[in-house]
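See below for the structure under consideration.
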Amino acid sequence: MSSETSPTIPSDRIVALDALRGVALLGILLVNIWVFSMPEATLSNPTVYGDLSGYNYWAWLGTHVFAQQKFITLFTILFGAGVVLFTRSAERKAQSPIGLFHRRSRWLILFGLAHAYLLWYGDILFAYGVCALGVVFLRDLEPQPLALFGVTLVAVPSILEVLAGLTADPTALASAWRPSAVALEAELEAYRSGWIAQLNHRAPAAFQRQTSGFVSYTAWRVSGSMLLGMALFKWGVLTNDRSSRFYRQLVVGGATSGLTVILAGVWFIQATNWDPAAGLFWRQFNYWGSFALAGAYIGVVMLYCQWRSDGVVTRATAAVGRTAFSNYILQTLLATSIFYGHGLGLFGQVTRLEALGIVVAIWAVQVPLSVLWLRYFQYGPLEWGWRVLTYRSSQQLRRSNHTKN
């Protein structure tokens, strides 16, 4: 296998970047577990289904404040950084960066379609693949215009939602905010049944996310976040090239501003007693606050990696980050096997606190499995397959004796 057809080898990777990706991947499950285990509408309105009192309220509040949109934002930012890394690598090997990257992205779109319609409607791979086809053309811009363009794109769905909140029919808002008991029961029955019956909800939910949801919301936020990731990568923020002082300021500034905005949103929606007319407005608090808090998380991980560059936690999270594609699908396989009717059938039957316990149990599988896998193999199984399809050549999977961690 020649170097001209090889992906980045593990010894050339940036450990802090991998560790950050691993943290983001693990954190995503804290929110995804809501829609793995409960009706889809609970993602926006937790009062729709399940107990929201006592410990379950605090489980929701903690997850909303510290996880919802923060880790997926971070994951998307890192995908943008990966666009720059991948195309730079192709250019060094005298390859066509656009052609190779587009082939890679088209395969990701196909993986996303299979994930969405065969396993779980909440897939993000399809959106990443489609958005990446466009943002790659902006990879050579300087960091400042990348960041400004990114923020502009991110602002679009926020503006659209505010306008919708001001002009939409209140009846339509109420229907979307709080689905009928019949609709909720149909979703519960579908996911407590077999794989075929689940298609009654999974297929239309996936289709909506990939069409109207993509055009009005996802494409803008995902593309904008990717551009921000490119800028942050070029500024050295994601590669641990900035000073400890810089990262400490990022932690303090991001956490202070982000938590202030997010908690103000919680106060706002509770003060309105979860009124449907306030629903689209309250989303804006977390929408913007998530970027600031994601910035704080970047600072925390970079500082930790500076402090313990070869520590157990750094190596473990980096292992998860290096196998993020495989681990993302593994989360779906494990969660659907626990909650869906073709598995244990616990959909709609666990509390929010119990769901967090299941998250920890899944982490307890993923983290050691990732570390163990990379002792013997260079890439995760899906990462390896993706590389074979991208480069159209065989790729060495098993580690040779001289390969470094």
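The values are calculated or read from the model by the stated rules, or taken from the named source; none is laboratory data. Given the structure is predicted, the values throughout are model-derived calculations rather than measurements. Positions of Cβ are backbone-derived with ideal geometry, glycine not excepted, and every protein chain shown enters the neighbour counts.
Look at segment 263-283 and say how many of its residues are buried (at least 17 other Cβ atoms within 10 Å of the Cβ), under 20 Å from ALA168 (Cα atoms) and not aliphatic (A, V, I, L, M). Steps first, answer last, please.
Quick first cut of segment 263-283, residues buried (at least 17 other Cβ atoms within 10 Å of the Cβ) only: 265, 269, 274, 276, 278-283.
Now restrict to residues that are under 20 Å from ALA168 (Cα atoms): 269, 274, 276, 278-283.
When the remaining residues are screened for being not aliphatic (A, V, I, L, M), the result is 274, 276, 279, 281-283.
Number of matching residues: 6.
Answer yes or no as to whether SER105 is in contact (Cβ under 8 Å) with a residue 12 or more places away in the chain and out of contact with any helix residue (DSSP H, G or I) (no Cβ under 8 Å at 6 or more places or on another chain). Reasoning before the result, please.
On the way: in contact (Cβ under 8 Å) with a residue 12 or more places away in the chain: yes; out of contact with any helix residue (DSSP H, G or I) (no Cβ under 8 Å at 6 or more places or on another chain): no.
The answer is no for SER105.
Kindly establish whether PHE281 is farther than 29 Å from TYR247 by Cα, under 25 Å from the mean Cα position of the chain (by Cα) and of a type in the set (Phe, Trp, Tyr). Step through it out loud before you land on a result.
On the way: farther than 29 Å from TYR247 by Cα: yes; under 25 Å from the mean Cα position of the chain (by Cα): yes; of a type in the set (Phe, Trp, Tyr): yes.
It is true that PHE281 is farther than 29 Å from TYR247 by Cα, under 25 Å from the mean Cα position of the chain (by Cα) and of a type in the set (Phe, Trp, Tyr).
Of all residues in segment 343-382, how many are without any contact (Cβ under 8 Å) to a residue 40 or more places away in the chain and among the charged types (D, E, K, R)?
2
Which residues, counting only those in segment 36-95, are within 30 Å of GLN349 (Cα to Cα), among the hydroxyl-bearing types (Ser, Thr, Tyr) and not in a loop (DSSP other than H, G, I, E, B)?
The initial filter retains those residues of segment 36-95 that are within 30 Å of GLN349 (Cα to Cα), namely 36-73, 75.
Of the ones still in play, those that are also among the hydroxyl-bearing types (Ser, Thr, Tyr) are 37, 42, 44, 47, 49, 53, 55, 57, 63, 73.
Hits for segment 36-95 are SER37, THR42, TYR55, TYR57, THR63, THR73.
Collect the residues in segment 214-245 that are part of a helix (DSSP H, G or I), touching a residue at least 40 places away in the same chain (Cβ under 8 Å) and farther than 21 Å from LEU160 by Cβ, keeping them in residue-number order. Give the derivation first.
Filtering segment 214-245 down to residues part of a helix (DSSP H, G or I) leaves 214-234, 244-245.
If we keep only those that are touching a residue at least 40 places away in the same chain (Cβ under 8 Å) too, we end up with 214, 216-234, 244.
Once the filter is applied, which keeps residues that are part of a helix (DSSP H, G or I), touching a residue at least 40 places away in the same chain (Cβ under 8 Å) and farther than 21 Å from LEU160 by Cβ, segment 214-245 yields GLY229, MET230, ALA231, LEU232, PHE233, LYS234, SER244.
Has segment 170-184 got any residue that is touching a residue at least 40 places away in the same chain (Cβ under 8 Å), of a type outside the set (Phe, Trp, Tyr), in a helix (DSSP H, G or I) and farther than 30 Å from LEU119 by Cα?
Yes, segment 170-184 has at least one match.
Please tell me if SER337 is outside any loop (DSSP other than H, G, I, E, B), free of Cβ contacts under 8 Å to residues at least 24 places away in the same chain and either more than 30 Å from GLY194 (Cβ to Cβ) or out of contact with any Leu (no Cβ under 6 Å at 6 or more places or on another chain) (or both).
Details: outside any loop (DSSP other than H, G, I, E, B): yes; free of Cβ contacts under 8 Å to residues at least 24 places away in the same chain: yes; either more than 30 Å from GLY194 (Cβ to Cβ) or out of contact with any Leu (no Cβ under 6 Å at 6 or more places or on another chain) (or both): yes.
Judged against the criteria, SER337 is a match.
Looking at segment 297-317, is at least one residue farther than 26 Å from GLY357 by Cα, under 21 Å from the mean Cα position of the chain (by Cα) and either assigned to a helix (DSSP H, G or I) or not basic (Lys, Arg) (or both)?
yes
Identify the residue in segment 171-201 that is in contact with a helix residue (DSSP H, G or I) (Cβ under 6 Å, 6 or more places away or on another chain) and of a type in the set (Phe, Trp, Tyr) and, among all such residues, is surrounded by the most Cβ atoms within 10 Å (Cβ to Cβ). Show your work before the answer.
Looking only at segment 171-201, we keep the residues that are in contact with a helix residue (DSSP H, G or I) (Cβ under 6 Å, 6 or more places away or on another chain), and these are 173-174, 177, 179, 187, 190-191, 197-198, 200-201.
From the residues that got through so far, the ones that are of a type in the set (Phe, Trp, Tyr) too are 177, 191.
Details: TRP177: 19, TYR191: 25.
So the residue we want is TYR191.
So, in segment 48-78, how many residues would count as being of a type in the set (Gly, Ala, Ser) and either over 19 Å from ARG352 (Cα atoms) or free of Cβ contacts under 8 Å to residues at least 60 places away in the same chain (or both)?
The first filter runs over segment 48-78 and keeps only residues of a type in the set (Gly, Ala, Ser), leaving 50, 53-54, 59, 62, 67.
Filter once more, so that each one left must be either over 19 Å from ARG352 (Cα atoms) or free of Cβ contacts under 8 Å to residues at least 60 places away in the same chain (or both): 53-54, 62, 67.
Count: 4.
Identify, from the list GLY345, GLY357, the residue that is under 30 Å from GLY50 (Cβ atoms) and in a loop (DSSP other than H, G, I, E, B).
Criteria check complete, one pass: GLY345.
Checking the conditions here, which among ALA94, ALA90 is hydrophobic (A, V, I, L, M, F, W, C), at pLDDT below 95 and touching an Asp or Glu at 6+ places or on another chain (Cβ under 8 Å)? Spell out the reasoning first.
Values: ALA90 fails: touching an Asp or Glu at 6+ places or on another chain (Cβ under 8 Å).
Of ALA94, ALA90, the one residue that is hydrophobic (A, V, I, L, M, F, W, C), at pLDDT below 95 and touching an Asp or Glu at 6+ places or on another chain (Cβ under 8 Å) is ALA94.
Taking the options LEU199, LEU166, LEU133, name whichever one is under 25 Å from the mean Cα position of the chain (by Cα), aliphatic (A, V, I, L, M) and farther than 21 Å from LEU43 by Cβ. If you could, list the steps in order and put the result at the bottom.
Working: LEU199 fails: farther than 21 Å from LEU43 by Cβ; LEU166 fails: under 25 Å from the mean Cα position of the chain (by Cα).
None of the others qualify; the one that does is LEU133.
Could you check how many residues of segment 112-145 are surrounded by fewer than 22 Cβ atoms within 10 Å (Cβ to Cβ), assigned to a helix (DSSP H, G or I) and among the aromatic types (Phe, Trp, Tyr)?
Selection size over segment 112-145: 2.
Among the residues of segment 336-368, how many are under 11 Å from ILE33 (Cβ atoms), in contact with a Phe, Trp or Tyr (Cβ under 9 Å, 6 or more places away or on another chain) and not small (Gly, Ala, Ser)?
Selection size over segment 336-368: 5.
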